[in-house]
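Read the structure below first, then the notes.
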C-alpha cells in the first residue's frame, strides 16, 4: 500500500505541474523516512554514483550536441529545398520531401524537439505558400519530426537501454525496420491523400523546378545529400559495423557535426557558445530527473513495490499479453501529460521486472514502448511535438489545424504498434541477422 501511495502521489503532483526531478526525489525521500529506516538511505549515494558513472549515458550529451550543432549548420535547409525540387512534380511531393528529410534528420540527431522546430521553420511557410492544406502540412511536419523517437540514434532508445539493462546497440538495430516502415507508411498515406485531394497538395510549378535545374543541378543535389549522409554513416555505420559502441559513435557524430558546420562556414564562437549552452541545459534536465528517478526506484523497491506488483499480476491471473496491453495503454495516456524522459524513468523500472518474470523479450518490449511514446508525442491535446510546432507556426495556422492534421498519422502509429505485437520479427529479425 505504501508503494502504491508513493506512486499515486508522484503522478498527482507531476500532473499539477511540480518540477519532476525534485518531486521524484523529494516525495521518495519523505516516504522513505516515514516507512523505512534512515540507514536505508546509505544506499542512495552508491546508487546515484553507479547511475552517473554509467558509460552508456555519456551518449546523451553527445547526441544532444550533435543535433543542436546540425540545426545551426544550415545543412537541413539545403537538403529540404533540394528534396522539394526532386519530388516537386508529384502531387504531395513537397510533403514526401518533408517526411524523407525528417527521417534523415532523425537518423542524424535523434532529438525530436530540434527536428520538429527545424522542419516547421523551414518547410511550413513553403507548404502554405504552395497552397497545401494546413492540416496536411502541419500533420506531416509533426509526424516526420517525431521520427527521431524511433529511428537510431534515438535518445529514447539510449535511456530505455540504460533503464531496462538492454544493449543500446541491439536497440538501435532492432529499431531500424520499424522506423523505416513508418517512413514508408507516411509516404503512402500522403500520396493517396494527394491523389484523392489534388488541390490540398499541389505539385511544385514546372517553371520553379526548371529554374532549379538550370545551373549546376547535379552539383546542388550531390552537395545537399553528401554532408547529411556522411554524418549518418559516421554514426550508424560505426555502430552497425562493430567499430564503435553507441557512446563512442555519439562522440564521432558530435565531432563530425562540428566539422560539417565548419565546412559550411557557419562555425564561429557565437554558434559554439549557443550550442554548448543548449546542450548543457538539455543534458542537465535529463540527468537531474535521472537522480530523482534513482531515489524513487530505491524507495519503491525498499517498500517492496516491485514484488507487490508482480504478486498482484499473478493473483489477477493476467496473461503476459494482457499485462503488455495494460502497460501500452498506460504509457500512451501518460504521454499526454508528462515527458518521455519521465515516463521512462518512472514507469519502466516498475514494469520491467514483471516483463522479465513473464520471460518476454525485453528488446521487443523496449521498441514497442518507443513506438508508443512516439504516438503519444503526437496525440492531442498535450502532444509535445504539437507544442513545439505551434511555437513556430504563423498566426493563420490554428491549434485545431494541428489536431485534425495529426490524426491519420496517429492511426498509422497505432497500426505499427499492432503489427509489432502481431509480428515480433519486425523487431527481432535484423538483430539476429547482425549477430550471425
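Scanning the stretch 196-225 for residues that are in contact (Cβ under 8 Å) with a residue 40 or more places away in the chain and surrounded by fewer than 12 Cβ atoms within 10 Å (Cβ to Cβ), we see that the one that is nearest to residue 412 (Cα to Cα) is 199. When you check residue 249 against the structure, is it outside any helix (DSSP H, G or I) and under 23 Å from residue 159 (Cβ atoms), yes or no? In short, no. Taking the conditions exactly as written (free of Cβ contacts under 8 Å to residues at least 12 places away in the same chain and either surrounded by 18 or more Cβ atoms within 10 Å (Cβ to Cβ) or touching a strand residue (DSSP E or B) at 6+ places or on another chain (Cβ under 9 Å) (or both)), does residue 244 satisfy them or not? Judged against the criteria, residue 244 is a match. Scanning the stretch 369-418 for residues that are crowded, with 20+ Cβ neighbours inside 10 Å, over 18 Å from the mean Cα position of the chain (by Cα), within 23 Å of residue 331 (Cα to Cα) and at pLDDT below 85 gives no hits.
Scanning the stretch 304-325 for residues that are surrounded by 14 or more Cβ atoms within 10 Å (Cβ to Cβ) and either modelled with pLDDT under 70 or in a helix (DSSP H, G or I) (or both) yields a count of 9. Could you say whether any residue in the stretch 226-240 is touching a helix residue (DSSP H, G or I) at 6+ places or on another chain (Cβ under 6 Å) and either without any contact (Cβ under 8 Å) to a residue 60 or more places away in the chain or not in a helix (DSSP H, G or I) (or both)? Within the stretch 226-240 (the criterion being touching a helix residue (DSSP H, G or I) at 6+ places or on another chain (Cβ under 6 Å) and either without any contact (Cβ under 8 Å) to a residue 60 or more places away in the chain or not in a helix (DSSP H, G or I) (or both)), the answer is yes, since at least one residue qualifies. Screening the stretch 37-88 for helices (runs of 4 or more DSSP H) wholly inside it with 2 or more residues that are modelled with pLDDT under 80 and closer than 30 Å to residue 166 by Cβ returns the ranges 43-52, 59-73.
On the stretch given as the stretch 73-96, residues that are surrounded by fewer than 21 Cβ atoms within 10 Å (Cβ to Cβ) and closer than 16 Å to residue 228 by Cα total 5. Here residue 301 meets the list (1) touching a helix residue (DSSP H, G or I) at 6+ places or on another chain (Cβ under 6 Å); (2) surrounded by fewer than 19 Cβ atoms within 10 Å (Cβ to Cβ); (3) closer than 24 Å to residue 51 by Cα almost entirely, failing just condition (1). Criterion applied to 403, 388 was being without any contact (Cβ under 8 Å) to a residue 40 or more places away in the chain and part of a helix (DSSP H, G or I), and the one residue passing it is 403.
Residue 58 passes all but one of (1) more than 25 Å from residue 388 (Cα to Cα); (2) more than 18 Å from the chain's Cα centre (by Cα); (3) in contact (Cβ under 8 Å) with a residue 24 or more places away in the chain; which number fails? Here residue 58 meets the rest and fails (2). In the condition set (1) in a helix (DSSP H, G or I); (2) modelled with pLDDT of 80 or more, residue 300 is compliant with all but (2).
When residues of the stretch 335-346 are filtered for being at pLDDT 80 or above and either surrounded by fewer than 20 Cβ atoms within 10 Å (Cβ to Cβ) or in contact with a strand residue (DSSP E or B) (Cβ under 7 Å, 6 or more places away or on another chain) (or both), how many remain? Residues in the stretch 335-346 being at pLDDT 80 or above and either surrounded by fewer than 20 Cβ atoms within 10 Å (Cβ to Cβ) or in contact with a strand residue (DSSP E or B) (Cβ under 7 Å, 6 or more places away or on another chain) (or both): 0 in total.
Name every residue in the stretch 264-297 that is at positive phi and in a helix (DSSP H, G or I), in order of residue number.
Once the filter is applied, which keeps residues that are at positive phi and in a helix (DSSP H, G or I), the stretch 264-297 yields nothing.
Applying the set (1) surrounded by 20 or more Cβ atoms within 10 Å (Cβ to Cβ); (2) free of Cβ contacts under 8 Å to residues at least 60 places away in the same chain to residue 250 leaves exactly one unmet item: (2). For beta carbons closer than 6 Å, sequence separation of 6+ or different chains, a first residue in the stretch 1-30 that is at pLDDT 80 or above and a second that is surrounded by fewer than 16 Cβ atoms within 10 Å (Cβ to Cβ), the qualifying pairs are 27/9.
Can you list the helices (runs of 4 or more DSSP H) lying wholly within the stretch 112-204 that have 3 or more residues being within 26 Å of residue 248 (Cα to Cα)? Write out each step before concluding.
Numbers: elements: 112-129, 134-145, 155-164, 168-196.
Per the criteria, 112-129, 155-164, 168-196.
The values are calculated or read from the model by the stated rules, or taken from the named source; none is laboratory data. It should be emphasised that the depicted structure is a prediction, and the values quoted were computed from it without experimental measurement. Virtual Cβ from ideal backbone geometry, glycine too; neighbours counted across all protein chains shown.
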